[in-house]
Amino acid sequence: MTTASITGATVPPMPEKTPKALRAAIAQHAPKLLVDFERHWRRDIMDTYDLAPVPAFMARWWGEYALARNPSLEAEVHRLEDDAAQEPDYARAKAMIEEAGRLRREAAKAEPGQ
(Lines give C-alpha, C1' and ligand atoms only; values in the text may rest on other atoms or scores of the structure.)
Protein backbone atom coordinates (compact mmCIF):
# COMPACT_ATOMS: atom_id res chain seq x y z
CA MET A 1 0.00 0.00 0.00
CA THR A 2 1.10 3.52 -0.69
CA THR A 3 0.13 6.61 1.20
CA ALA A 4 -2.03 9.50 0.08
CA SER A 5 -2.27 13.06 1.27
CA ILE A 6 -5.56 14.21 2.75
CA THR A 7 -5.89 17.61 4.42
CA GLY A 8 -2.11 17.99 4.50
CA ALA A 9 -1.50 14.80 6.49
CA THR A 10 -0.04 11.63 5.07
CA VAL A 11 -2.59 8.88 5.52
CA PRO A 12 -2.63 5.28 4.36
CA PRO A 13 -4.82 4.46 1.38
CA MET A 14 -8.06 2.57 1.76
CA PRO A 15 -7.62 -1.19 1.40
CA GLU A 16 -9.48 -3.55 -0.91
CA LYS A 17 -13.15 -3.68 0.05
CA THR A 18 -13.04 -7.07 1.76
CA PRO A 19 -13.32 -7.89 5.47
CA LYS A 20 -9.86 -9.48 5.45
CA ALA A 21 -8.16 -6.48 3.82
CA LEU A 22 -10.04 -4.02 6.03
CA ARG A 23 -9.06 -5.96 9.16
CA ALA A 24 -5.39 -5.92 8.08
CA ALA A 25 -5.51 -2.16 7.45
CA ILE A 26 -7.12 -1.55 10.83
CA ALA A 27 -4.53 -3.74 12.57
CA GLN A 28 -1.69 -1.85 10.91
CA HIS A 29 -2.94 1.75 10.87
CA ALA A 30 -5.75 2.05 13.44
CA PRO A 31 -5.17 -0.69 16.03
CA LYS A 32 -7.37 1.10 18.57
CA LEU A 33 -10.35 -0.07 16.46
CA LEU A 34 -9.28 -3.70 16.24
CA VAL A 35 -10.88 -5.08 19.41
CA ASP A 36 -14.29 -3.61 18.54
CA PHE A 37 -13.97 -4.68 14.89
CA GLU A 38 -13.23 -8.28 15.87
CA ARG A 39 -15.90 -8.34 18.57
CA HIS A 40 -18.50 -7.07 16.09
CA TRP A 41 -17.36 -9.62 13.43
CA ARG A 42 -17.51 -12.47 15.90
CA ARG A 43 -20.92 -11.51 17.32
CA ASP A 44 -22.73 -10.73 14.08
CA ILE A 45 -21.08 -12.97 11.50
CA MET A 46 -18.70 -15.63 12.74
CA ASP A 47 -20.80 -16.90 15.64
CA THR A 48 -24.03 -16.83 13.65
CA TYR A 49 -22.73 -18.26 10.36
CA ASP A 50 -24.92 -15.63 8.72
CA LEU A 51 -23.42 -13.64 5.85
CA ALA A 52 -26.43 -11.35 5.44
CA PRO A 53 -24.99 -8.71 7.82
CA VAL A 54 -21.64 -8.48 5.97
CA PRO A 55 -22.59 -5.47 3.77
CA ALA A 56 -23.77 -3.46 6.79
CA PHE A 57 -20.72 -4.56 8.77
CA MET A 58 -18.41 -3.45 5.96
CA ALA A 59 -20.19 -0.11 5.56
CA ARG A 60 -19.82 0.67 9.24
CA TRP A 61 -16.18 -0.35 9.58
CA TRP A 62 -15.20 1.12 6.21
CA GLY A 63 -16.34 4.48 7.53
CA GLU A 64 -14.71 3.99 10.92
CA TYR A 65 -11.37 3.15 9.32
CA ALA A 66 -11.66 5.94 6.73
CA LEU A 67 -11.96 8.40 9.59
CA ALA A 68 -9.37 6.81 11.92
CA ARG A 69 -6.66 6.65 9.24
CA ASN A 70 -6.64 10.46 9.12
CA PRO A 71 -5.84 11.72 12.64
CA SER A 72 -6.53 15.38 11.89
CA LEU A 73 -9.95 14.63 10.39
CA GLU A 74 -10.77 12.26 13.23
CA ALA A 75 -9.79 14.91 15.77
CA GLU A 76 -11.98 17.50 14.05
CA VAL A 77 -15.01 15.17 14.03
CA HIS A 78 -14.55 14.28 17.69
CA ARG A 79 -14.05 17.95 18.60
CA LEU A 80 -17.31 18.86 16.87
CA GLU A 81 -19.15 16.03 18.64
CA ASP A 82 -17.67 16.94 22.03
CA ASP A 83 -18.40 20.64 21.57
CA ALA A 84 -21.97 19.87 20.53
CA ALA A 85 -22.47 17.84 23.70
CA GLN A 86 -21.51 20.89 25.76
CA GLU A 87 -23.27 23.52 23.64
CA PRO A 88 -26.33 25.01 25.38
CA ASP A 89 -27.74 26.50 22.16
CA TYR A 90 -29.71 23.79 20.35
CA ALA A 91 -29.26 25.27 16.87
CA ARG A 92 -25.48 25.54 17.27
CA ALA A 93 -25.24 22.01 18.72
CA LYS A 94 -27.32 20.66 15.85
CA ALA A 95 -25.10 22.41 13.29
CA MET A 96 -21.99 20.90 14.90
CA ILE A 97 -23.46 17.39 14.85
CA GLU A 98 -24.55 17.84 11.25
CA GLU A 99 -21.05 18.94 10.27
CA ALA A 100 -19.49 15.98 12.09
CA GLY A 101 -21.90 13.65 10.27
CA ARG A 102 -21.09 15.26 6.92
CA LEU A 103 -17.36 14.77 7.53
CA ARG A 104 -17.94 11.13 8.50
CA ARG A 105 -20.01 10.49 5.35
CA GLU A 106 -17.40 12.15 3.13
CA ALA A 107 -14.61 10.07 4.67
CA ALA A 108 -16.64 6.87 4.13
CA LYS A 109 -16.93 7.64 0.40
CA ALA A 110 -13.24 6.83 -0.06
CA GLU A 111 -12.61 4.08 -2.57
CA PRO A 112 -9.93 1.39 -2.38
CA GLY A 113 -6.53 2.91 -3.03
CA GLN A 114 -7.61 6.48 -2.23
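Quick check on the stretch 55-86: of everything there that is among the hydrophobic types (A, V, I, L, M, F, W, C) and loosely packed, with under 13 Cβ neighbours inside 10 Å, which residue is farthest from Pro112 (Cα to Cα)? Result: Ala85.
In the set Ala84, Ala100, Ala95, Ala110, only one residue is among the aliphatic types (A, V, I, L, M), under 15 Å from the mean Cα position of the chain (by Cα) and in a helix (DSSP H, G or I); that residue is Ala100.
Considering only residues of the stretch 26-71 that are of a type outside the set (A, V, I, L, M) and outside any helix (DSSP H, G or I), which is nearest to Pro12 (Cα to Cα)? Give the derivation first.
So the first thing to find is which residues in the stretch 26-71 are of a type outside the set (A, V, I, L, M), and the list is 28-29, 31-32, 36-44, 47-50, 53, 55, 57, 60-65, 69-71.
Of the ones still in play, those that are also outside any helix (DSSP H, G or I) are 47-50, 53, 69-70.
Numbers: Asp47: 31, Thr48: 32, Tyr49: 32, Asp50: 31, Pro53: 27, Arg69: 6, Asn70: 8 Å.
Applying the filter and picking the extreme gives Arg69.
Yes or no, residue by residue, for (1) of a type outside the set (Lys, Arg); (2) touching a Ser or Thr at 6+ places or on another chain (Cβ under 9 Å); (3) in contact (Cβ under 8 Å) with a residue 12 or more places away in the chain:
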{"site": "Arg39", "(1), (2), (3)": "no, no, no"}
{"site": "Asp44", "(1), (2), (3)": "yes, no, yes"}
{"site": "Pro53", "(1), (2), (3)": "yes, no, no"}
{"site": "Arg69", "(1), (2), (3)": "no, no, yes"}
{"site": "Glu76", "(1), (2), (3)": "yes, yes, yes"}
{"site": "Asp83", "(1), (2), (3)": "yes, no, yes"}
{"site": "Glu87", "(1), (2), (3)": "yes, no, no"}
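For the stretch 85-114, which residues satisfy the criterion of being touching a helix residue (DSSP H, G or I) at 6+ places or on another chain (Cβ under 7 Å) and within 28 Å of Met58 (Cα to Cα)? I'd like the intermediate steps shown before the answer.
Looking only at the stretch 85-114, we keep the residues that are touching a helix residue (DSSP H, G or I) at 6+ places or on another chain (Cβ under 7 Å), and these are 87, 93, 96-97, 99-100, 103-104, 107-108, 110.
Matches in the stretch 85-114: Met96, Ile97, Glu99, Ala100, Leu103, Arg104, Ala107, Ala108, Ala110.
Scanning the stretch 57-64 turns up no residue that is of a type outside the set (Val, Ile, Thr) and farther than 22 Å from Arg104 by Cβ. Checking each residue in the stretch 65-78 for being farther than 10 Å from Arg104 by Cα and among the charged types (D, E, K, R) picks out Arg69, Glu76. For Thr10, the stated conditions do not hold, so it cannot be described as part of a loop (DSSP other than H, G, I, E, B), exposed (fewer than 15 other Cβ atoms within 10 Å of the Cβ), β-branched (Val, Ile, Thr) and at pLDDT below 95. Number of residues in the stretch 15-36 that are surrounded by 13 or more Cβ atoms within 10 Å (Cβ to Cβ) and either within 13 Å of the chain's Cα centre (by Cα) or of a type in the set (Phe, Trp, Tyr) (or both): the value is 9.
The values are calculated or read from the model by the stated rules, or taken from the named source; none is laboratory data. Since we're looking at a predicted model, the values are computed, not measured. Cβ atoms come from the backbone with ideal geometry, glycine included; neighbour counts cover every protein chain shown.
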